1. Along the charge dipole of the chain, Cβ charges K/R +1 and D/E -1, which of L15, S180, A118 sits furthest on the positive end?
2. Estimate the FRET efficiency between E193 and A4 by the formula 1/(1 + (r/R0)^6), using the beta-carbon distance for r and 35 Å for R0, to the nearest 0.05.
3. How tilted is helix 255-271 with respect to the longest principal axis of the chain? Cα atoms for both, answer in degrees (0 to 90, nearest 10).
4. Given DSSP loops and a limit of at most 13 other Cβ atoms within 10 Å, what is the longest stretch of the chain that contains no such GluC sites (Glu not before Pro)?
5. Can you tell me what percent of all Cα-Cα pairs in segment 231-303 are more than 14 Å apart?
6. If you take the charge dipole of segment 5-107 about its Cα centre, with +1 on Lys and Arg Cβ and -1 on Asp and Glu Cβ, which of G102, L83, A61 is farthest toward its positive end?
7. On average, how much accessible surface per residue is there in the chain, in Å², for a 1.4 Å probe, leaving out ligands, DNA and RNA?
8. Which whole-angstrom value gives the distance between the alpha carbon centres of segment 88-121 and segment 228-298?
Amino acid sequence: MSDAGAVRALSDGRLVILPTETVYGLAADAGNAVAVAAIFEAKGRPRFNPLIAHVADAVQAEAIAVFDARARALAEAFWPGPLTIVAPVRDRERVCDLARAGLDSVAVRVPGHARARAVIAAFGRPVVAPSANRSGRPSPTTFADAVEETGAFAAAVIDGGNCAVGVESTVVSVLDGRVSLLRPGSVTRDEIEAIVGPLDRGGEGHRSPGRMTLHYAPDAPVRIEAEAARDGEILLGFGPGTGEPRWSLSPTGDLREAAANLFRRLREADRERPSGIAVSPIPPTGLGEAINDRLKRAAGYVG
């Protein structure tokens, strides 16, 4: 599908499968409540779960959100890229109430995928694009997986190749003078604190997507921090000598490679219909915080 065809579909209030560097998204006009409702219906997503508005650049971001100096510093440091900033909403029409789950804040980011930005720029308005999977399932990081999950609901589909990052964006709130990490991602806690100083430890998780206890889950049960597979399980290894090379998240123990492979390996293992999917221990620091967050939710455990 051409970019022009995707723009026409968005303008007509229809849904588009859109690649980003994090995961594939199911996109719609953020200001069209009927189109946004179609996303919730296609995904089976609860309506209390807010969506992220994707924009072409920081100028478009500040047209819909009120940024203070720290929000601007984060945008300058990490955009385009896998960081979402939650800030007070400025324009309630361009990002409708349903997209914001009725909140007085809006989640916004400039994606790092050039083709996604080109479509959004040509469309000229913010686009909400939650992951293109049925709610609770592993996010799709390949075009084939996105089409398998929600292609039947999309009027246009864009093949942008495999997603380079592989986990959803980091979500940071900049509200009431405080900066809080709401969802870990590939922009790490340390990288954020290097820009804005220590993060507030208070939680406003309701302002971020992807916070349900059971989320990102395949059909097979997931067991984390496993040293070996049990009978009937597939082990997703991490590091030298852990499990079969076919199923390894990273044979060398590289966290960025593990993140890029995470959801694809979960999906591939699930297709084998194992009794369970075991995952080797992942270091909790840096990008490992985000990987462990997704795995704990896939296992239905958030400690």
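The values are calculated or read from the model by the stated rules, or taken from the named source; none is laboratory data. Since the structure is predicted, the reported quantities are computational estimates derived from the model, not experimental observations. Positions of Cβ are backbone-derived with ideal geometry, glycine not excepted, and every protein chain shown enters the neighbour counts. What goes into the accessible areas is simple: the full protein's heavy atoms, side chains included, and nothing from ligands, DNA or RNA. Shrake-Rupley method; radii C 1.70, N 1.55, O 1.52, S 1.80 Å.
1. L15
2. Efficiency for this residue pair is about 0.25.
3. 70 degrees
4. Result for the longest clean stretch: 94-224.
5. Value for segment 231-303: 56 percent of Cα pairs lie more than 14 Å apart.
6. The Cα lying farthest towards the positive end belongs to G102.
7. 39 Å²
8. Each part's Cα centre sits 32 Å from the other's.
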